[in-house]
Amino acid sequence: EKAQNLEVAIACLQLALEVRTRERFPIDWATTQNNLGNAYLERIEGEKAQNLEDAFA
């Protein structure tokens with residue numbers, strides 16, 4: 001269940017970044033980027049190295 005919740009969270013956060021752009025909402029963008037990075041760090045699915053790379057991207 002945790003794995004699925006993280007996948008949903010990642011998808012939602014990626015969608016949120018389409019609205020919360022750095023230019024229009026810099027604080028919200030930064031918060032969303034931080035949350036997305038944390039989700040990738042906790043991610044169970046996929047390769048650990050790729051998840052770490054995505055977390056810092």
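Any read-out appearing in this document is the output of simple, stated calculations on the displayed coordinates, not a laboratory observation. Keep in mind that what you see is a predicted model, and the values were worked out from it rather than measured. With ideal geometry, Cβ positions are generated from the backbone for all residues, glycine too; neighbour counts draw on all protein chains shown.
Annotations for the structure displayed:
- Among the GluC sites (Glu not before Pro) within segment 16-57, those in coil by DSSP and having at most 12 neighbouring Cβ atoms inside 10 Å are E23, E45, E47.
- Averaging 1/r across all pairs of distinct Cα atoms in the chain and inverting the result yields a Kirkwood radius of 11.5 Å.
- Note, ³J(HN,Hα) from phi for segment 39-46, Karplus 6.51, -1.76, 1.60, rounded to Hz, x at Gly and Pro: 5, 5, 5, 8, 4, 9, 6, x
- Basic side chains Lys and Arg get +1 at the Cβ, acidic Asp and Glu get -1 at the Cβ, and with that the dipole of the chain about its Cα centre reaches some 180 debye.
- Per-residue [θ]222 nm for the chain (sum of -39500 (n - 2.57) over DSSP H runs n ≥ 4, rounded to 500): -25000 deg cm²/dmol
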